[in-house]
Amino acid sequence: MKSRDRRIWIGRVLIGAVFLMNVQAAVLFLWRPGSFAPAFELDGVVGAAAIRGIGILFLMWNVPYFVALLNPVRYRISLYEALTMQLIGVAGESILLLSLASGHPMLEGSILRFVIFDSLGLLALLLTVWVTRALSRPVSRAI
């Protein structure tokens, strides 16, 4: 296998791991919202609807991950979109965690798990950008 192909496949594996974990979380949120609602201090019909809504958002947010997974060099813009989305997630979740009033240990734990989960995803996407960096060609633009 050529070095170029190997780098693309390494990128696909890294993106694929993030994509699969995100989709797995989405499916679980859609399928069993009652299992997750209490961790967000939610319950009943409203809690189930909120958790299912998060699951739907997870699926929507994974479109650029899927496109980047197809070919992280050819669809580099999708890789950058996924990377940016992941960074926004980590930053936003971290701010949310830091701004949360004390006295909500289950909610704090849930948000902390998202911070850790998304930080690992961010590292995987950053590694993908690094591994495939030499394969990207700058686009020449006519003046």
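Would you call SER78 in a helix (DSSP H, G or I) and either of a type in the set (A, V, I, L, M) or within 30 Å of LEU135 (Cβ to Cβ) (or both)?
It is true that SER78 is in a helix (DSSP H, G or I) and either of a type in the set (A, V, I, L, M) or within 30 Å of LEU135 (Cβ to Cβ) (or both).
Applying the selection to region 16-71, what residues are farther than 30 Å from ALA101 by Cβ and touching a Lys or Arg at 6+ places or on another chain (Cβ under 7 Å)?
Just the residues of region 16-71 that are farther than 30 Å from ALA101 by Cβ, to begin with: 16-20, 23-24, 27, 31, 59, 62-71.
Correct list: LEU69 only.
In this structure, is ALA26 part of a helix (DSSP H, G or I), over 18 Å from ARG7 (Cα atoms) and at pLDDT below 95?
No; evaluated as a whole, the condition is false for this residue.
Could you identify the single residue in GLY47, GLY16 that is outside any loop (DSSP other than H, G, I, E, B) and in contact with a Leu (Cβ under 6 Å, 6 or more places away or on another chain)?
On the way: GLY47 fails: in contact with a Leu (Cβ under 6 Å, 6 or more places away or on another chain).
Just one listed residue meets the conditions, GLY16.
Which members of region 21-39 meet the condition of being surrounded by fewer than 17 Cβ atoms within 10 Å (Cβ to Cβ) and not aliphatic (A, V, I, L, M)?
Matches in region 21-39: GLN24, TRP31, ARG32, GLY34, SER35, PRO38.
Identify, please: which residue in region 74-132 is of a type in the set (Asp, Glu) and more than 17 Å from GLY11 (Cβ to Cβ) and is, among those, nearest to the chain's Cα centre (by Cα)?
Looking at residues that are of a type in the set (Asp, Glu) and more than 17 Å from GLY11 (Cβ to Cβ), I get ASP118.
Quickly run through region 91-109 and pick out the residues that are in a helix (DSSP H, G or I) and surrounded by fewer than 17 Cβ atoms within 10 Å (Cβ to Cβ). Lay out the reasoning, then the answer.
As a first pass, look at region 91-109 and keep what is in a helix (DSSP H, G or I): 91-99, 105-109.
Across region 91-109, the qualifying residues are ALA91, GLY92, SER94, ILE95, LEU96, LEU97, LEU98, SER99, PRO105, MET106, GLU108, GLY109.
Check region 126-134 and report whether any residue there is assigned to a helix (DSSP H, G or I) and farther than 21 Å from ALA17 by Cα. Step through it out loud before you land on a result.
Step one: of region 126-134, the residues assigned to a helix (DSSP H, G or I) are 126-131, 133-134.
Filter once more, so that each one left must be farther than 21 Å from ALA17 by Cα: 134.
Yes, region 126-134 has at least one match.
The values are calculated or read from the model by the stated rules, or taken from the named source; none is laboratory data. In this text, all values refer to a predicted model and were calculated from it rather than measured experimentally. Note that we place each Cβ from the backbone using ideal geometry, even for glycine, and neighbour counts take in every protein chain shown.
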